[in-house]
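Colleague: The structure under discussion is supplied below as structure tokens; questions concerning it will follow.
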Amino acid sequence: QDLSGFIAGLPKAELHLHIEGTLEPELIFALAKRNGIALPYPSEQALREAYAFTDLQSFLDLYYAGAGVLITEQDFYDMTAAYLQRAHADGVCHAEIMFDPQTHTARGVAIETVFAGIARALRDARNDTGITGYLLMSFLRHLSEQDAFDTLQAALPLRAQYEDLWLGIGLDSAERGNPPEKFARVYQRCRELGFRLVAHAGEEGPPAYVRDALDLLHAERIDHGVRAEEDPVLMQRLIAEQTPLTVCPLSNLKLRVVDDLGQHNLARLLRSGAMVTVNSDDPAYFGGYVGQNYLESALALDLSRAELAAIAGNSITASFLPDAEKDKLH
Ligand code: ES4
Ligand code: ZN
């Protein structure tokens, strides 16, 4: 059996995925047309050619611009449905999906519209293919604490309606200069409300941000976390506590966190006993969905089939599924 077939056959969860990062150029152009929005690129190909990033911020600028074509509930539905179909084809049985309401409410799109479109696609996909999903509402860390509190307040009336889907919160966008402590009180409130907690840390930011995401935010899972390796004491803690790291190899390559995939610390982290998972982050921008991330990592780092199966197993373990559901998937 070929390696990509083997990978597709592994039951896996995708735990680090920004739904706005799944907007392919084809869909960006289709939605722009449907909504009468002019794009500053002449063609889908020209847009794709602009995806030559130098760092996280250079990507975020294009990513927020691309999300500007999302206006109606149907737009959010179509985006999410397209992702879930691709994920299902990759052998993803469960996806924990981040979305950035502030990117949309700042443009005048109602938060109800965002929730409704994404949630309807999740429910339809579950009925059609069996794939399950949860939502992690993410706060943009380049915006203020007050903006995050306002977003939480706007979203809370929707909680009952999406109780089966929206179970956690996250923190994303520009990491450097926006440390975890900026959102300590927001996370405290979310913790009191019973949300599951994740946070991006240690992608471009220093290991201290990973430590502070654990100690100040009480994050249960660290998105990226690859720079934790620079602090051996922190690394030993992550291993001892089996804190999941949602690693995104192709993202790290495209955003120049690593110069080539052969230099990525994924294999070292795995072999040192850390709870690492492999995820796609923003697959439309970074050159591949989760299966491609497994495949290219395996080829660049000589991951064995047993190691790939271990990573897929970790993704089930590190998910927020109930234990009985995890047992069925292991
Ligand atoms: C992101 Cl790769 C990455 N890092 C931080 N925030 C993000 N939002 C979407 N993709
Ligand atoms: Zn991310």
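Colleague: At Lys33 and Ala50, where each label point lies 7 Å from the Cα along Cα→Cβ, what is the point-to-point distance in nanometres?
Modeller: 1.8
Colleague: What residues qualify as long-range amide H neighbours of Asp223, i.e. H under 5 Å apart, gap of 5 or more or another chain, H built at 1.01 Å from N?
Modeller: Ala199, His200, Ala201, Thr246
Colleague: Before rounding to the nearest 500, sum -39500 (n - 2.57) across all DSSP H runs of length at least 4 in the chain and divide by the residue total; then give [θ] at 222 nm in deg cm²/dmol.
Modeller: On the way: 17 runs with 162 residues, N = 330.
Here the helix-only value at 222 nm equals -14000 deg cm²/dmol.
Colleague: Residues in segment 241-262, backbone N under 14 Å from the label point at Leu299 (7 Å along the Cα-to-beta-carbon vector): list them, ranges by number please.
Modeller: Output list for this probe position: 250, 261-262.
Colleague: With 10 angstrom as the radius, rank Lys326, Lys182, Lys33 by how many other C-beta atoms surround their C-beta, starting from the fewest. Don't jump to the answer; show the numbers that get you there.
Modeller: Numbers: Lys326 17, Lys182 20, Lys33 11.
Ascending Cβ contact count within 10 Å gives the list Lys33, Lys326, Lys182.
Colleague: What size of dipole, in debye to the nearest 20, comes out for segment 3-318 about its Cα centre when the only charges are +1 on Lys and Arg C-beta atoms and -1 on Asp and Glu C-beta atoms? List each step's numbers first, then the result.
Modeller: Details: 26 positive and 43 negative charges, 81 e Å.
Dipole size: approximately 400 debye.
Colleague: Find the centroid of the Cα atoms in segment 93-170 and in segment 276-328, then give the distance between the two in whole Å.
Modeller: Here the answer is 23 Å between Cα centres.
Colleague: What order do you get for Val186, Val247 when you list them from fewest to most C-beta neighbours inside 10 Å?
Modeller: Working: Val186 20, Val247 29.
By the 10 Å Cβ count, ascending, the order reads Val186, Val247.
Colleague: Return the sequence-ordered ³J(HN,Hα) values of segment 305-321 in whole Hz as given by the Karplus equation 6.51 cos²θ - 1.76 cosθ + 1.60 applied to θ = phi - 60°, using x for Gly and Pro.
Modeller: 3J(HN,Hα) across segment 305-321, in whole Hz: 4, 5, 5, 4, 5, 5, 5, 5, x, 4, 5, 5, 4, 7, 6, 9, 5.
Colleague: What number comes out for the charge environment of Asn35, summing +1 per Lys or Arg and -1 per Asp or Glu over other residues with Cβ under 13 Å away?
Modeller: On the way: positive: Lys33, Arg34, Arg107; negative: Glu73, Asp75, Asp78.
Around Asn35, the charge tally is 0.
Colleague: I've got another one for you. What are the lysines whose alpha-carbon lies under 19 Å from the alpha-carbon of Lys12, with same-chain residues fewer than 8 places away excluded?
Modeller: Lys326, Lys328
Colleague: What is the packing order of peptides 283-294, 230-241, 68-79, taking the mean over residues of other C-beta atoms within 10 Å and listing the highest first? Working shown, then result.
Modeller: Values: 283-294: 23.9, 230-241: 14.6, 68-79: 20.4.
Highest to lowest by the protection proxy: 283-294, 68-79, 230-241.
Colleague: Sort segment 3-318 into rounded, prolate or oblate with this rule: let a ≥ b ≥ c be the square roots of the eigenvalues of the Cα gyration tensor; rounded if a/c is under 1.5, and if a/c is not under 1.5, prolate when a/b is larger than b/c, oblate otherwise. All intermediate terms of the calculation are to be shown ahead of the outcome.
Modeller: Working: a/c = 1.39, a/b = 1.16, b/c = 1.19.
Cα axes put segment 3-318 in the rounded bin.
Colleague: Can I ask one more? Pull out the extension gain between Val233 and Asp150, defined as 0.36 nm times the separation in residues minus the alpha carbon to alpha carbon distance; nm, one decimal. List each step's numbers first, then the result.
Modeller: Values: separation 83, 0.36 × 83 = 29.88 nm, distance 3.66 nm.
Fully extending the segment from Val233 to Asp150 adds 26.2 nm.
Colleague: Taking other Cβ within 10 Å of each residue's Cβ, how do Met275, Met137 sort, fewest first?
Modeller: Values: Met275 21, Met137 26.
Fewest-to-most Cβ neighbours within 10 Å comes out as Met275, Met137.
Colleague: Related question: How high is the relative contact order of segment 1-90, in percent, with contacts defined as C-alpha pairs under 8 Å that are six or more residues apart? Write out the running numbers ahead of the final one.
Modeller: On the way: 40 pairs, mean separation 39.5, N = 90.
Computed over segment 1-90, the figure is 44 percent.
Colleague: If I stretch the segment between Asp323 and Ala106 completely, what's the gain in nm (0.36 nm per residue apart, minus their alpha carbon distance), one decimal? Intermediate results must be reported in sequence, preceding the final value.
Modeller: Details: separation 217, 0.36 × 217 = 78.12 nm, distance 3.79 nm.
Residue separation times 0.36 nm, minus the Cα-Cα distance, leaves 74.3 nm.
Colleague: Describe numerically, in nm with one decimal, the distance between label points set 7 Å from Cα along Cα→Cβ at Glu192 and at Asp164.
Modeller: My value for the distance between the label points is 3.1 nm.
Colleague: Which far-off residues, 5 or more places away or on another chain, put their amide H under 5 Å from the one on Ile97, with H placed in the peptide plane?
Modeller: Amide H neighbours of Ile97: Tyr134, Leu135, Leu136.
Colleague: Next up: Find how many whole Å separate the alpha carbon centroid of segment 15-39 from the alpha carbon centroid of segment 200-268.
Modeller: 29
Colleague: Along the positive direction of the dipole of segment 3-318 (beta-carbon charges: Lys, Arg +1; Asp, Glu -1; about the Cα centre), which of Ser280, Gly5, Ala240 reaches farthest?
Modeller: Ala240
Read-outs: derived from the displayed coordinates by stated rules, not from any lab. Everything quoted here is computed from the prediction, not taken from an experiment. Ideal geometry is used to build each Cβ from the backbone, glycine not excepted, and the neighbour counts take in all protein chains shown.
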